[in-house]
Amino acid sequence: MEKNYNHIAIENRFIKTLNTPPTHDDKKPKYYCLDMFPYPSAGGLHVGHWRGYVFSDVISRYKMLLGYRVLHPMGFDAFGLPTENYALQNNIHPAVATKEAIENYKRQLKDIGAVYNWDNELSTTDPKYYKWTQWIFLKMFEEGLAYEKEMPLNWCTTCKIVKANEEVADGVCDRCGTVASKKMLRQWMLKITKYADRLLNDLDQLDWPQKVKKMQSDWIGKSFGVSVKFDIKEHNDAIEVFTTRPDTLFGATFMVLAPEHPMVSRLLTPEQNTVVQEYIQTAGTKSAIDRMADKEKTGVFTGSYCINPLSGEPMPIWVADYVLIDYGTGAVMGVPAHDQRDYEFAQKFDILITKVIEGNEEEPNQAYTGSGIMINSGQFNGQNSTDAVTNITNYLEERGFGEKQINYKLRDWVFSRQRYWGEPIPLIHCQKCGIVGVPENQLPVLLPETESYRPTETGESPLAAIPEFVNTTCPKCNAPAKRETNTMPQWAGSSWYFLRYPDCHNNDELASKEALKNLPVDMYVGGVEHAVLHLLYARFYTKFLQDIDIVEFGEPFKKLFNQGMIVKDGAKMSKSKGNVVNPDDIIAKYGRDTLRMYSLFMGPPELDVEWDDASIEGVYRYLNRLYRLIEENRGKEDIESPELTFLRHKMVKEITYRIDNFSFNTVISGFMEYTNKITAAAKVEGGLNRDLLNTMVIIIAPFAPFIASELWEGLGNDGSVFEAAWPSYDEEKTKETTITIALQINGKLRGTLTIDANEPKEQIISRAKDELKIDGATKKEIYVPQKIVNIVV
RNA sequence: GCCCGAGUGGCGGAAUAGGCAGACGCACAGGACUUAAAAUCCUGCGAGGUUACACUCGUAUCGGUUCAAGUCCGAUCUCGGGCACCA
């Protein structure tokens, strides 16, 4: 007999069929299983990337066997920086680089034996696709969700280009190492903040990892507080601040404005003018790196004062960069006694510190931020500070000094990029009519083919240098006009692609109502790195499309699964680290089934796992044992025995339960365990029956589709194993007739006892006492059915 | 700094609802088969202890609840992740 099963021959024979999805039967219930689509980078896939794709493939195949009409599509998120940078470095046009990379990815994805609906393939760079990316933007523009704003952008003075946030990690340009500075430029924004509450509240209905929901809600950052007005001395004006701690208001001894705050210039006294102007100047050009938390506070006094509305005391107005212009009102009341940052500031600049809450666990040289008893707070003295929050809020509202307010950390989305490789924003600037949307029937606005796609030194998009693109006529008045030259961010195309798959060739609408019945996505599989941005943007798009009646649901992804990474030598696999495991080598040596099974067996699917060259051997040995077991028993006639029946039903129950709980590593160990038991039973019974063998082959098919296909055929079955039905089990038959239970004295294990499944409690306890040689009085006798007897003496 | 999550043999890990800790696999050791090796099969494999049992200890540390704790509660330590001057 052959040493090992011939995985190469088997895989070559079945790979084509296994890559092809079964024909749809529309009467079946739908199941939409989606992978986060990849950026097709030039490096291709390594075994680390495969892990997520194996999960989704296993789920898809399992659901097929359960009788679902499974949609499992794949596409490519091909616009964006990685491709553009690769193209720039290698002097190849991004369109060409993209095409090559996609071909390579498709080949590799087919190579795992994954079943995808390739007829539904899409790419975000396809004009037929981005026509609709632009269309959604137009709708947002029409609804007033898209607007223009001057925004500071990361600017590298050496490269003289605008840098995306992800290109200035740690505050320096990733290309040349120069500390990035800020440059003010006109940007397109999307009003995602309008959806903040819905994005927050609807998290409740999602079957997502708690961690991801938490990250999203932290990102949205809703906080309840009061907006308070402080009258400015000698000005007929007031400063408004947002605070979540109105109970500390009597302790507010100074006011701080962000350097960008519009009121600053009006508040400057002549003697303070120069120093403040200088401070604002430096703060403005400061990079993110200098604004880090552990740095000492800086700031300057404006010369003006405002009045504390409760204490009536004057408060000096300062300017400091620890106050952010884009949160709250851009102004903060300084309460040094009860806020650590204000405390540090007051210490440094010698500002009055007034304590207004008496706490239990105060530490020296620290602000006390807890709750306690109110002091120095006029009529509120003696109250608990948590009550004072409400009471002072009401007091302020009654006198018109302030009102309740809700604030969010979530900011509007900077939506434009000064890059070539993205969707052109479909707007036209007309002298007379202002900004006009490109009419729907003129979509898509094609990205012009050009050789000059490098980032420019003006901070403008490369498209601005292409007159044929820029110059157009106004759709409203026909006068000469100019096109918007900024492009969309990479996120644009990925914010709605899941809607397009079921109907990706539709040229008249984003997707038909009928096709959209495949939505929402039942299972979304991908890396946790998209926990915030991509998922938040996709949810925002979906809610918007719900509002304009394109879709009927508000949440796109019912269930989310984040797979862990495969690491090698403690680090994420990457070419630069030289720790990449090439799937081709593994396939040649062990085959695709082994690689698939091993990538699941390695550890819990949601955690990072370490690749081990030695351990994969064990999975390969297992598949060989399984192959031999079935080959050796396939000629046998029906052999029935209670033991075989029990094993069959128990195995199906266990494996099904574990799959449904996403515990794939224990699914694989379960296969091994039951194969061992069945092998032993086969020796005792003299063989195995057909039903048991077929059952084994079907339940392993989603995990090891190649060997399963071969064995299915070998067992004399017609058609593909994936046309079979997932086996059911009979609960009664999963129960053992005799059970070994543990015997304890005082909670310590002292022996075991084999009992009959329906033996009465009294008999079991008395047999247990005999076994343990206890005949005197006992304090307590505990019997947990089918598990344990514990005698306390 | 704040907020999450996790700590189990030589290693990856298992333990569904508080009930025999270490399933399954790797590595290792011994044996069978073989002229020999590879492959395969069998046996052992937490620590101490014993000729062998018995017994004792053991799930990061300390304490608690319970007949019974890897699992629940409180404190501490370590590691991983997220946010980071958000008023």
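For first residues located in segment A:607-629 and of a type in the set (Asp, Glu), partners that are surrounded by 15 or more Cβ atoms within 10 Å (Cβ to Cβ) and lie 6+ apart or on another chain with Cβ distances below 6 Å form the pairs A:Asp608/A:Gly564; A:Asp608/A:Met565; A:Asp608/A:Val567; A:Glu610/A:Val567. Tell me, yes or no, whether segment A:715-729 has at least one residue that is assigned to a strand (DSSP E or B), touching a residue at least 12 places away in the same chain (Cβ under 8 Å) and open to solvent by less than 40 Å² (accessible area, probe 1.4 Å). For segment A:715-729, residues assigned to a strand (DSSP E or B), touching a residue at least 12 places away in the same chain (Cβ under 8 Å) and open to solvent by less than 40 Å² (accessible area, probe 1.4 Å): absent. Summed over segment A:326-362, the residues that are touching a Pro at 6+ places or on another chain (Cβ under 6 Å) and part of a loop (DSSP other than H, G, I, E, B) give a count of 1.
Against the list (1) in contact with a helix residue (DSSP H, G or I) (Cβ under 6 Å, 6 or more places away or on another chain); (2) within 15 Å of RNA strand B (Cβ to nearest atom), the condition A:Val521 fails is (2). Which ones in segment A:737-770 are more than 6 Å from RNA strand B (Cβ to nearest atom), open to solvent by 80 Å² or more (accessible area, probe 1.4 Å) and part of a loop (DSSP other than H, G, I, E, B)? Matches in segment A:737-770: A:Thr737, A:Asn758. Does segment A:618-640 contain at least one residue that is within 41 Å of the chain's Cα centre (by Cα), more than 8 Å from RNA strand B (Cβ to nearest atom) and of a type in the set (D, E, K, R)? Within segment A:618-640, none of the residues are within 41 Å of the chain's Cα centre (by Cα), more than 8 Å from RNA strand B (Cβ to nearest atom) and of a type in the set (D, E, K, R). Just the residues that are part of a helix (DSSP H, G or I) and either farther than 30 Å from A:Tyr195 by Cα or within 36 Å of the chain's Cα centre (by Cα) (or both), please, taken from segment A:393-412. Residues satisfying the conditions are A:Tyr395, A:Glu398. If you go through segment A:615-634 one residue at a time, how many are of a type outside the set (Lys, Arg) and open to solvent by 70 Å² or more (accessible area, probe 1.4 Å)? Going through segment A:615-634 one residue at a time, the tally reaches 1.
Quick grid of which residues meet (1) more than 19 Å from A:Phe76 (Cβ to Cβ); (2) out of contact with any strand residue (DSSP E or B) (no Cβ under 6 Å at 6 or more places or on another chain); (3) touching a residue at least 24 places away in the same chain (Cβ under 8 Å):
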site	(1), (2), (3)
A:Glu457	yes, yes, yes
A:Glu484	yes, no, yes
A:Ser494	no, yes, yes
A:Asp503	no, yes, no
A:Asn506	no, yes, no
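Suppose the filter is over 24 Å from A:Gly284 (Cα atoms), surrounded by 22 or more Cβ atoms within 10 Å (Cβ to Cβ) and within 11 Å of RNA strand B (Cβ to nearest atom); does A:Val356 pass it? Reasoning before the result, please.
On the way: over 24 Å from A:Gly284 (Cα atoms): yes; surrounded by 22 or more Cβ atoms within 10 Å (Cβ to Cβ): yes; within 11 Å of RNA strand B (Cβ to nearest atom): no.
Considered against the rule, which asks whether it is over 24 Å from A:Gly284 (Cα atoms), surrounded by 22 or more Cβ atoms within 10 Å (Cβ to Cβ) and within 11 Å of RNA strand B (Cβ to nearest atom), A:Val356 comes out as no.
In the set (1) more than 30 Å from A:Gly527 (Cβ to Cβ); (2) in contact with a helix residue (DSSP H, G or I) (Cβ under 9 Å, 6 or more places away or on another chain); (3) of a type outside the set (Val, Ile, Thr), the condition left unmet by A:Lys233 is number (2).
When restricted to residues that are among the acidic types (Asp, Glu), within 23 Å of A:Lys297 (Cα to Cα) and touching a Phe, Trp or Tyr at 6+ places or on another chain (Cβ under 9 Å), segment A:345-382 contains 1.
For segment A:311-324, give me each residue that is more than 7 Å from RNA strand B (Cβ to nearest atom), open to solvent by 10 Å² or more (accessible area, probe 1.4 Å) and touching a residue at least 40 places away in the same chain (Cβ under 8 Å).
Once the filter is applied, which keeps residues that are more than 7 Å from RNA strand B (Cβ to nearest atom), open to solvent by 10 Å² or more (accessible area, probe 1.4 Å) and touching a residue at least 40 places away in the same chain (Cβ under 8 Å), segment A:311-324 yields A:Ser311, A:Glu313, A:Pro314, A:Pro316, A:Trp318.
For segment A:372-384, the candidate set comprises residues that are part of a loop (DSSP other than H, G, I, E, B) and without any contact (Cβ under 8 Å) to a residue 60 or more places away in the chain; within that set, the residue that is farthest from RNA strand B (Cβ to nearest atom) is A:Gly382. When each of A:Trp155, A:Trp132 is tested for being at pLDDT 95 or above and either farther than 17 Å from A:Thr456 by Cα or assigned to a strand (DSSP E or B) (or both), the lone residue that passes is A:Trp132.
Just one of the listed residues (A:Thr594, A:Thr679, A:Thr675) is open to solvent by 30 Å² or more (accessible area, probe 1.4 Å), part of a helix (DSSP H, G or I) and within 14 Å of RNA strand B (Cβ to nearest atom), namely A:Thr679.
Residues that are more than 22 Å from A:Asn394 (Cβ to Cβ) and either more than 42 Å from the chain's Cα centre (by Cα) or not small (Gly, Ala, Ser) (or both) within segment A:240-259 comprise A:Thr253, A:Phe254, A:Met255, A:Val256, A:Leu257, A:Pro259, listed in sequence order.
Report yes if A:Thr83 is assigned to a loop (DSSP other than H, G, I, E, B) and among the polar types (S, T, N, Q), otherwise no.
No; evaluated as a whole, the condition is false for this residue.
Here is the figure for segment A:253-273: residues that are touching a Ser or Thr at 6+ places or on another chain (Cβ under 8 Å) and either assigned to a loop (DSSP other than H, G, I, E, B) or within 11 Å of RNA strand B (Cβ to nearest atom) (or both) total 4.
Condition check ((1) surrounded by fewer than 12 Cβ atoms within 10 Å (Cβ to Cβ); (2) under 30 Å from A:Ile466 (Cα atoms)) across all residues:
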| site | (1), (2) |
| --- | --- |
| A:Glu361 | yes, no |
| A:Asn376 | no, no |
| A:Leu396 | no, no |
| A:Phe401 | no, no |
| A:Val414 | no, yes |
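Looking across segment A:464-486, the residues that are open to solvent by 60 Å² or more (accessible area, probe 1.4 Å), more than 12 Å from A:Leu427 (Cβ to Cβ) and either touching a Phe, Trp or Tyr at 6+ places or on another chain (Cβ under 9 Å) or not in a loop (DSSP other than H, G, I, E, B) (or both) come down to A:Ala465, A:Pro467, A:Glu468, A:Asn471, A:Thr473, A:Pro480.
The values are calculated or read from the model by the stated rules, or taken from the named source; none is laboratory data. All values reported here derive from a predicted model rather than from experimental measurement. Heads up, the Cβs are rebuilt from the backbone with ideal geometry, glycines too, and the neighbour counts pull from every protein chain shown. Keep in mind that these areas ignore ligands, DNA and RNA; they rest on the heavy atoms of the full protein, side chains included. Shrake-Rupley method; radii C 1.70, N 1.55, O 1.52, S 1.80 Å.
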